[in-house]
1. I need a count of the residues in the range 197-228 that are closer than 21 Å to V335 by Cβ and surrounded by 15 or more Cβ atoms within 10 Å (Cβ to Cβ).
2. Among the residues of the range 360-411, how many are assigned to a loop (DSSP other than H, G, I, E, B) and closer than 23 Å to E179 by Cα?
3. V298 - would you say it is in contact with a Gly (Cβ under 8 Å, 6 or more places away or on another chain) and either of a type in the set (F, W, Y) or assigned by TED's automatic domain parsing to the domain that holds D409 (or both)?
4. Condition first: hydroxyl-bearing (S, T, Y) and closer than 21 Å to G207 by Cα. Now tell me which residues in the range 293-349 satisfy that.
5. Consider the range 313-344. How many of its residues are assigned to a loop (DSSP other than H, G, I, E, B), touching a helix residue (DSSP H, G or I) at 6+ places or on another chain (Cβ under 6 Å) and in contact (Cβ under 8 Å) with a residue 60 or more places away in the chain?
6. So which of P166, P118 ends up being crowded, with 18+ Cβ neighbours inside 10 Å, within 28 Å of L77 (Cβ to Cβ), in the same structural domain as I84 (by TED's automatic domain parsing) and not basic (K, R)?
7. Enumerate the helices (runs of 4 or more DSSP H) found wholly within the range 93-197, keeping only those where 2 or more residues are over 22 Å from I52 (Cβ atoms).
8. Condition (residue is in contact (Cβ under 8 Å) with a residue 40 or more places away in the chain and part of a loop (DSSP other than H, G, I, E, B)) applied to the range 36-46: is it met by at least one residue?
Amino acid sequence: MSHPSKDITSSKGRELAGKKIALLVTSSVASFKAPEIARELMRHGADVHAVISPSTEKMVGSDLLEWATGNPVVSRLTGKLEHIALGGKSVGHADLVLVAPATANTIGKLASGIDDTPVTTVAATAIGSRIPILIAPAMHEPLYDHPIVQENISRLKKIGVGFIEPEVLEGKAKIASTEKIVRSVIARLSASQSRDLEGRRVLVTAGPTIEHIDPVRVVTNRSSGKMGLAIAQEAASRGADTTLILGPGTVTPPSGIRTIRVESTSELLEAVLGELNKAAPDMVFAAGAPTDYRPVTVSQKKIKTREKPRISLELQATPKILTEIRRASPKTFLVAFKTEHDVSDEELVDEAYRVIHEKNADLVAANDVGHEGVGFQADTNELYVVDDRKKVVHIPLAEKREVARQLVDLAIKRMKD
């Protein structure tokens with residue numbers, strides 16, 4: 001009978017479905033974050049097994065972690081050989097070991113081959129078994145900056161142990177955000193899974209563009225760039241040589257992915273055409289949302305509202321990026337996007353099908369941002385994906401990385417047809 005706490009499994013996505021993760025919790029004050037980390041991993045499909053040391057019990061108890069994971073907590077090693085079951089080469093071992101939070105003491109022990117607690121013994125066994133390991137440090141900044149601690153981190157990195165860098169604030173090297181930790185786990189496991197885009201070049205556009213009215217004011221839209229970012233991360237995790245062209249906004253460019261920043265629609269077009277000519281990508285995901293209109297006349301100085309309390313703004317259409325992509329590179333597999341607001345599913349699909357023929361796209365991913373949690377500014381999305389045969393695949397509302405995974409799956413399958 002499944003533990004009731006596991007009811008949340010895969011509620012946000014299935015990126016970690018079927019994956020067993022050993023969550024090793026040290027006695028850092030940041031251990032209070034461990035239940036949250038466990039729950040988020042589970043929401044993405046993981047089966048989480050917590051391991052603690054005697055000191056950890058003083059910070060966060062076994063009962064809380066058992067509630068969080070729905071699994072018994074390893075607090076001591078017994079004749080059941082828990083360290084081998086999780087970190088060894090036995091059947092059913094963990095797919096990944098996550099030490100979060102990790103103290104300077106634990107990092108030093110692992111770098112020196114010391115295993116004197118359940119946490120260090122499971123981790124040491126996993127290192128010897130070549131099981132992927134990620135460490136999320138948490139400590140005061142002087143400890144983190146200590147030359148020996150940094151040397152220990154370097155030693156572990158040299159043998160393949162991954163680190164999720166802390167956020168240095170208020171004199172502390174605070175544990176990375178739960179979102180960053182979960183994304184790091186997904187990326188690490190994805191890297192050892194499907195590499196079906198190995199040797200392929202993928203170009204992704206993301207975010208809005210802006211068109212100036214004056215040096216301060218702009219015409220734009222509400223796109224955040226999160227969907228394109230998720231697609232770029234998904235493509236890169238599958239082995240693609242990925243380039244992201246990202247418009248202005250608050251989204252942080254992903255590490256490890258070549259990113260070109262643009263502002264205006266003309267800059268976006270120039271960057272896209274440059275990449276098409278130079279890199280000849282196999283696939284283009286046009287997830288960016290270029291502004292459809294720009295002012296005919298742009299003021300070189302800020303317009304003073306006290307002098308002009310009322311102005312008329314004449315707009316003209318901006319270049320059509322999809323048209324130019326297809327003209328410049330007729331054979332590139334093109335995934336276009338279509339956004340509507342508060343229409344029926346039938347109207348949404350019809351609009352997507354119209355784009356297929358007008359722009360000669362291979363797939364069109366359409367969404368309705370009039371629905372809650374869909375598209376602009378949200379962390380989730382819902383798509384109707386249409387091909388030139390009017391075959392429609394519905395990707396239900398989910399985290400954007402999960403939506404990206406399903407969309408890339410569809411694109412790869414369609415490209416092979």
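The values are calculated or read from the model by the stated rules, or taken from the named source; none is laboratory data. Keep in mind that this is a model prediction, so the values were computed, not measured. Note that we place each Cβ from the backbone using ideal geometry, even for glycine, and neighbour counts take in every protein chain shown.
1. Count: 18.
2. Pass one, the range 360-411, residues assigned to a loop (DSSP other than H, G, I, E, B): 360-362, 369-379, 388-391.
Among the residues that remain, those that are also closer than 23 Å to E179 by Cα are: 372-379.
Qualifying residue count for the region: 8.
3. Details: in contact with a Gly (Cβ under 8 Å, 6 or more places away or on another chain): no; either of a type in the set (F, W, Y) or assigned by TED's automatic domain parsing to the domain that holds D409 (or both): yes.
For V298, the condition - in contact with a Gly (Cβ under 8 Å, 6 or more places away or on another chain) and either of a type in the set (F, W, Y) or assigned by TED's automatic domain parsing to the domain that holds D409 (or both) - is not met.
4. Taking the range 293-349 and keeping what is hydroxyl-bearing (S, T, Y), we get 293, 297, 299, 305, 312, 318, 323, 329, 332, 339, 344.
Once the filter is applied, which keeps residues that are hydroxyl-bearing (S, T, Y) and closer than 21 Å to G207 by Cα, the range 293-349 yields Y293, T318, T323, T339.
5. Here is the first cut: in the range 313-344, the ones assigned to a loop (DSSP other than H, G, I, E, B) are 313-314, 318-320, 329-332, 341-344.
When the remaining residues are screened for being touching a helix residue (DSSP H, G or I) at 6+ places or on another chain (Cβ under 6 Å), the result is 318-319, 329.
Those still in the list that are in contact (Cβ under 8 Å) with a residue 60 or more places away in the chain too: 318.
Going through the range 313-344 one residue at a time, the tally reaches 1.
6. Numbers: P166 fails: within 28 Å of L77 (Cβ to Cβ).
Of P166, P118, the one residue that is crowded, with 18+ Cβ neighbours inside 10 Å, within 28 Å of L77 (Cβ to Cβ), in the same structural domain as I84 (by TED's automatic domain parsing) and not basic (K, R) is P118.
7. Values: elements: 104-111, 118-129, 141-145, 147-158, 178-191.
Result: 141-145, 147-158, 178-191.
8. Taking the range 36-46 first, the residues in contact (Cβ under 8 Å) with a residue 40 or more places away in the chain are 36-37, 40-41, 44, 46.
The next check asks that each one be part of a loop (DSSP other than H, G, I, E, B); those that pass are 44, 46.
Within the range 36-46, one or more residues are in contact (Cβ under 8 Å) with a residue 40 or more places away in the chain and part of a loop (DSSP other than H, G, I, E, B).
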